[in-house]
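Remarks on the structure that follows.
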Amino acid sequence: MQAIQLHQPASLADAAKLRSGNDDARFLAGGQSLLAAMKLGLNSATDLINLAALPDLAGIKVDGNRIVIGAMTRHADVAANADVKRLIPALAVLAGSIGDRQVRNVGTLGGSIANADPASDYPAAVVGLGATVRTNQREIAADAFFTGLYETALQNGEIITAVSFPVPEKAGYVKFKAPASRFALVGVFVSKGTGGVRVAVTGAAGSVFRAAGVEAALAGNWSAAAAKAVKLSADNLNSDLHATAEYRAHLIPVLASRAVTAAG
């Protein structure tokens with residue numbers, strides 16, 4: 001068995017320093033993705049830098065017309081939070097649909113989006129709401145954060161501290177999930193707000209993406225029928241043992257229409 005050194009940094013600066021220059025070190029948030037990947041031999045690390053004890057990385061607060069959620073906030077806490085349920089109920093629904101009870105009580109928002117699994121739920125909310133990802137170095141717009149399969153705009157030593165979600169007029173999230181893992185075969189997050197209509201799709205491609213055709217249809221007519229009528233190409237969508245690219249292309253407008261219905 002490989003020996004792994006566990007570090008307990010006292011500050012963000014200490015955590016970043018431990019990671020800088022060490023390509024074999026990994027930040028440890030909830031560990032629900034990283035540790036599972038390490039057990040399967042899909043990831044490796046000589047050092048784990050535990051972020052759990054760092055101050056101010058967890059918690060939820062309302063800041064004007066935005067909800068700011070700390071990176072180390074557990075999925076279960078987002079799902080149960082009264083302000084989230086009141087202001088962005090779709091975000092609470094999404095958090096409550098992640099994995100199983102263990103995952104929701106251990107996994108974190110920051111860990112999820114840093115991992116950027118192509119079938120995870122939170123990327124759909126981040127992009128679908130036009131959120132801002134805050135790090136120890138800068139702020140990153142949602143549309144610039146996810147860059148590819150398990151890839152983000154984060155640099156070496158950069159740590160997510162919080163995600164700031166604008167409160168929309170309406171929002172909804174619906175996914176067609178894999179029965180065992182509850183990952184999204186396809187998940188669609190729709191929102192309507194001051195920035196217009198946004199439709200984010202997870203599970204269908206190598207990374208979360210915006211469905212421009214569905215956005216255009218809903219901008220002209222915010223209705224389930226308008227979303228469902230859109231025909232999407234299967235080009236660049238995933239085909240695997242769970243579903244073909246063509247089936248995923250069919251699912252996107254169907255789930256978008258259900259998300260619009262859920263949003264009201």
Quick one: how many residues across the range 136-162 are closer than 17 Å to Ala29 by Cβ, modelled with pLDDT of 95 or more and either outside the structural domain of Gly110 (by TED's automatic domain parsing) or small (Gly, Ala, Ser) (or both)? 1
Do you know which residues across the range 163-205 are surrounded by fewer than 24 Cβ atoms within 10 Å (Cβ to Cβ), part of a loop (DSSP other than H, G, I, E, B), modelled with pLDDT of 95 or more and in contact with a strand residue (DSSP E or B) (Cβ under 7 Å, 6 or more places away or on another chain)? Val167, Glu169
Matching residues, the range 228-240, being surrounded by 15 or more Cβ atoms within 10 Å (Cβ to Cβ), over 30 Å from Ala114 (Cα atoms) and of a type in the set (A, V, I, L, M, F, W, C): Val230
When the range 52-80 is examined, which residues are found to be assigned to a loop (DSSP other than H, G, I, E, B) and either among the aliphatic types (A, V, I, L, M) or under 17 Å from Asp121 (Cβ atoms) (or both)? Ala52, Ala53, Leu54, Leu57, Ala58, Ala71, Met72, Thr73
Residue satisfying all of: in the range 50-76; of a type in the set (D, E, K, R) and more than 18 Å from Gln102 (Cα to Cα); surrounded by the most Cβ atoms within 10 Å (Cβ to Cβ) among these: Arg66
Do you know which of the residues in the range 206-221 that are of a type in the set (Gly, Ala, Ser) and touching a residue at least 40 places away in the same chain (Cβ under 8 Å) is surrounded by the fewest Cβ atoms within 10 Å (Cβ to Cβ)? Gly206
Consider Trp222 against the criteria (1) part of a helix (DSSP H, G or I); (2) in contact with a strand residue (DSSP E or B) (Cβ under 9 Å, 6 or more places away or on another chain); (3) of a type outside the set (A, V, I, L, M): it satisfies all of them except one. Which criterion is unmet? (1)
Which residues, counting only those in the range 140-153, are assigned to a loop (DSSP other than H, G, I, E, B) and more than 27 Å from Gln102 (Cα to Cα)? Ala153
For Pro123, are the conditions met, namely being under 19 Å from Ile159 (Cβ atoms), outside the structural domain of Val186 (by TED's automatic domain parsing) and part of a loop (DSSP other than H, G, I, E, B)? no
Among residues belonging to the range 82-107 that are of a type in the set (S, T, N, Q) and farther than 19 Å from Ala263 by Cβ, point out the one that is surrounded by the most Cβ atoms within 10 Å (Cβ to Cβ). Asn105
Would it be correct to say that Ala200 is assigned by TED's automatic domain parsing to the domain that holds Leu251 and either in contact with a Phe, Trp or Tyr (Cβ under 8 Å, 6 or more places away or on another chain) or more than 27 Å from Ser239 (Cβ to Cβ) (or both)? yes
Looking at Val133, is it buried (at least 19 other Cβ atoms within 10 Å of the Cβ) and hydrophobic (A, V, I, L, M, F, W, C)? yes
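The values are calculated or read from the model by the stated rules, or taken from the named source; none is laboratory data. Please read all numbers here as calculations on a predicted model, not as lab measurements. Cβ atoms come from the backbone with ideal geometry, glycine included; neighbour counts cover every protein chain shown.
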